[in-house]
Structure formats: C-alpha cells, structure tokens
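Each remark here refers to the structure printed beneath this line.
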Amino acid sequence: MRSYSLLAPAKINLYLEIVGDRPDGYHELVMILQTISLCDRINLLANCTDAIRIHCDHPQLPPAQHNLAYKAAQLMVKQFPDAFAQYGGVEITIDKQIPVAAGLAGGSTDAAAVLVGMSKMWQLGLTLPELQTLATKLGSDVPFCVTGGTAIATGRGEQLDFLNGLDNLAVVLAKHRHLEISTAWAYQTYRQQFGSESISKAENGQSGTAQIHSEPLVKAITQENGIQIGQLLHNDLQKVVLPALPEVAQLRKAFQREGILGTMMSGSGSTVFALCDSQLQAQQIKQDVKAEMNDPDLYFWIAQFSSAGIQVLA
Ligand code: ATP
C-alpha cells in the first residue's frame, strides 16, 4: 500500500494592505507572503475503502469533516472519481506543529499538502498550475501554500506573482496559546471601522495605490536588503487587532528592541514575529522577550525564511 509523508510549511505576511471591498463579499488585498521553515507533517496512506479519515489529536482542531485537509481530500475524490474507484480513500495523519488560528495559514498548508500528496498517490501527475486551480477552490491562501517561497498576492490573495526567494533571514514567532483570532472577525471588524476608507480607495480606482505602497518592500526583497525589509513591514489588520487584544499589542511592543530588523503581526494574528539577521540573534531575542514577558501562556518558535512549498519526503 502506497504511503506518503509530506512537509507543509507555514507562511508569514511581510505586507498586508486592504484595498477595498469585492462584490463577492471578500476584501481586495495586496499581500507579500513568505514561507518559513516551521512545518506540519502530513502522512497519507491509501486505505482501499471508500472512506477519508483524519488522525490528529490536536485539541484546537475542528471535527474531521471541517478540517481543511479533509475538504482537500473530498475535492480530489470529486474531481477524480476514476482514481478514487481504483485506489480508494485515504488515512490522513496530521502532526500539527503550526499554531492554530494564528495567522500562519496552518489549515491552508495542510490542505495544500493533501492535494500534492494525493496527486502523487493516485499517480495523476498534476502540474503546478493544475494543483493551484484546485487549491483556489479550498481557500485564498492554499494556492500560495502549494508553491511556497516569496510572492505578491492580490485579489482575495489567490493571484500570485512570485519573487526571487529569500532564505537568509530568520524569525522568532510568539503567540499566546489561548488566543485564537478568527480571520473572519478581523476582516469584518476592519470593514466596520475602516470600510468607507477602503471602499472609497477602490471606487476612486486607487487599487493600484496599494501596489505602489508595497513597491518599496518588493524592491528591498529583490535587493535582499534585510534592514529595509524590516522597516517596510506592514499589516492593516493590526489596526483592529492591537486595540482589541492588549496582549498582542504588548507582545509587539516587547519585540521592538535593539538589534531586530522589524516586527509585525502575521495575517489576522495572533502571532507576532520579529525579523532577525540570524538564528543566533533570533535565539537571543526569544530569550530576552520570554524573560521580560514571563508569561507561561506565551509560546515561541524560531524559523528560517524558506523558498520551499509542500515537500514530499517519501
Ligand atoms: P490564515 O492565515 O490562512 O487566515 P490561520 O493561520 O489564521 O489562517 P488556521 O490555523 O489555518 O488559521 O485555522 C483557521 C481555522 O481553520 C481554525 O479555526 C481551525 O479550526 C480551522 N481548521 C480547519 N482545518 C485545519 C487544519 N488542518 N489546521 C489548522 N486549522 C484548521
């Protein structure tokens, strides 16, 4: 029986600007997404039955049918009925290392891994564009997670322009374990508080402005200029999350210390990251912030920028 083991990496947002509302209810975004080396591990095993089963003992994950990895497998069954008839369903085991509801696309990357793994397991030989088309049906971040690296994401976040990979920077990430932020809540609150601002931007045809705003950061990335990258980090959602959740604001403040390149909340939070020149520096920052905050609910991770998307190990 064929089994596959895959690494599914997290992403951080180096940039997130809300440009306007879309007729489909989503926001028009300009983001710069970056893969990091913090990964979930996904194992797939063909089970020769008609069942899809999820095995994961992480307490914060929803019931199997609501797991994005399950939805990805369901989509493969629907799209490729002949392969399903030939090989049967799949046992999906998730070793969850990426914190949940943390702004790190943990669910999206698990779903991307299932698409890549099942394409292999069912010998479909899907190309990257084919996988990305499927990924779009599962969520805005899933197409990026398939490919990984560094990309400008526009539209709902699914239209991708890849940049030359950055892998010489390190990050220290921190998150309060009990603090889960719903992405929907963050965007809805932003719409309530700042909606008219972004709608008028869009109505005035200024959506290109966001690309102009993000341009200096794109240039800094192209030039691999860590100092400038750190100075140009940006996230509109901080405007709603930091006032609502003082713990996140306090964490962001604690990271603003000598030596780091920059600090920002990732996605809709609640993870905050500090950009560092090296893993050694990241270790030092972690120790300093941990000692200063002295909060047993606060968890830390150290990771490296990475240009790898979903990796098939065996
Ligand atoms: P994003 O940055 O893509 O908005 P996120 O990193 O903030 O997402 P996730 O960890 O992907 O958040 O979780 C978002 C929601 O999806 C959670 O409420 C969680 O219950 C649900 N979910 C479904 N499947 C998964 C999965 N495999 N891993 C993590 N969360 C999942």
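For segment 241-314, with only Lys/Arg (+1) and Asp/Glu (-1) charged at the beta-carbon, what is the dipole magnitude about the Cα centre, in debye rounded to 20? Before the final figure, lay out the partial values.
On the way: 5 positive and 7 negative charges, 24 e Å.
So the dipole magnitude of segment 241-314 works out to roughly 120 debye.
Only four residue types carry charge here, +1 at the Cβ of Lys and Arg and -1 at the Cβ of Asp and Glu. Report the dipole size of segment 170-304 about the Cα centre in Debye, rounded to the nearest 20. It would help to have the intermediate numbers written out before the result.
Details: 11 positive and 13 negative charges, 19 e Å.
The calculation lands at about 100 debye.
Check which residues have an amide H placed less than 5 Å from Leu38's amide H, if you skip close sequence neighbours.
Ala10, Gln304
Quick check: net charge around Phe305, other residues with Cβ under 11 Å of its Cβ, Lys/Arg +1 and Asp/Glu -1? Mind dumping the intermediate values first?
Working: positive: Lys11; negative: Asp167, Glu224.
Here the count lands on -1.
Using only C-alpha positions, report the orientation-averaged shadow area of the convex hull of the chain, nm², one decimal. Walk me through the numbers before you get to the answer.
Numbers: hull surface 63.0 nm².
One quarter of the hull surface, i.e. the mean projection, equals 15.8 nm².
How large is the helix-only mean residue ellipticity at 222 nm for the chain, computed as the sum of -39500 (n - 2.57) over DSSP H runs with n ≥ 4, divided by its residue count, in deg cm²/dmol to the nearest 500? Don't skip to the answer; put the middle values down first.
On the way: 11 runs with 126 residues, N = 314.
Calculated at 222 nm, the ellipticity per residue is -12500 deg cm²/dmol.
Name the residue from Tyr87, Thr154, Gly259 whose Cα lies farthest towards the positive end of the charge dipole of the chain, charges +1 on Cβ of Lys and Arg and -1 on Cβ of Asp and Glu.
Towards the positive end, the residue furthest out is Tyr87.
Could you check what % of the DSSP bridge pairs in the chain are antiparallel, to the nearest 5?
Numbers: 52 of 58 bridges.
DSSP beta bridges in the chain are roughly 90 percent antiparallel.
If you take the square roots of the eigenvalues of the alpha-carbon gyration tensor of segment 170-304 and sort them as a ≥ b ≥ c, do you get rounded (a/c under 1.5), prolate (a/b over b/c) or oblate? Spell out each step's value before the answer.
Numbers: a/c = 2.85, a/b = 1.30, b/c = 2.18.
Taking the square roots of the gyration eigenvalues as a ≥ b ≥ c, segment 170-304 is oblate.
Would you tally the net charge around Ala135, using a Cβ to Cβ cut-off of less than 14 Å, leaving Ala135 out, and scoring K and R as +1, D and E as -1?
Working: positive: Lys11, Lys71, Lys137, Arg156; negative: Asp110, Glu130, Asp141, Glu158.
Computed value for this residue: 0.
Taking the Cβ of Leu6 as the center, what net charge do the other residues with Cβ under 11 Å away carry, scoring Lys and Arg +1 and Asp and Glu -1? Don't skip to the answer; put the middle values down first.
Values: positive: Arg41, Lys120; negative: Asp40, Asp95, Asp110.
Combined, the nearby Lys, Arg, Asp and Glu give -1.
Mind ranking 266-274, 2-10, 98-106, 41-49 by how tightly packed they are, going by the mean number of other C-beta atoms within 10 angstrom, highest first?
Values: 266-274: 27.4, 2-10: 21.0, 98-106: 24.7, 41-49: 17.9.
Output ranking for 266-274, 2-10, 98-106, 41-49: 266-274, 98-106, 2-10, 41-49.
In this model, which of Lys71/Lys239; Lys96/Lys253; Lys239/Lys290; Lys71/Lys137 are farther than 22 Å apart at the alpha-carbon?
On the way: Lys71/Lys239 32 Å; Lys96/Lys253 28 Å; Lys239/Lys290 25 Å; Lys71/Lys137 10 Å.
Cα-Cα > 22 Å for Lys71/Lys239; Lys96/Lys253; Lys239/Lys290; rest within.
Could you run the Karplus curve 6.51 cos²θ - 1.76 cosθ + 1.60 with θ = phi - 60° over segment 36-51 and give me ³J(HN,Hα) per residue in whole Hz, x for Gly and Pro?
Per-residue couplings from phi come out as 10, 7, 6, 10, 7, 10, 10, 10, 10, 9, 5, 10, 6, 10, 9, 9 Hz.
Within the chain, which whole H helices from DSSP have a Cα span along their axis of at least 20 Å and a mean Kyte-Doolittle hydropathy of 1.6 or more, if any?
Values: long enough: 106-121 (22 Å, 0.66); 183-203 (24 Å, -1.00); 207-222 (22 Å, 0.09); 279-293 (21 Å, -0.95).
The qualifying helices: there are none.
If amide hydrogens are placed 1.01 Å from N in the peptide plane, which non-local residues have theirs closer than 5 Å to the one on Gly267?
Excluding prolines and chain starts, which carry no amide H, the hits are Asn13.
Between segment 87-161 and segment 1-33, how far is it from one alpha carbon centroid to the other, in angstrom?
So the separation of the two Cα centres works out to 10 Å.
Using the Cα centre of the chain as the reference point, and only Cβ charges (+1 on K/R, -1 on D/E), how large is the resulting charge dipole? Debye, rounded to the nearest 20.
Working: 22 positive and 29 negative charges, 64 e Å.
For this selection, approximately 300 debye.
Only the coordinates and a few stated rules stand behind these numbers; no lab work does. Here the structure is a predicted model, which means the values were calculated and not measured. No Cβ is skipped: glycine too gets one built from the backbone with ideal geometry, and neighbour counts run over all protein chains shown.
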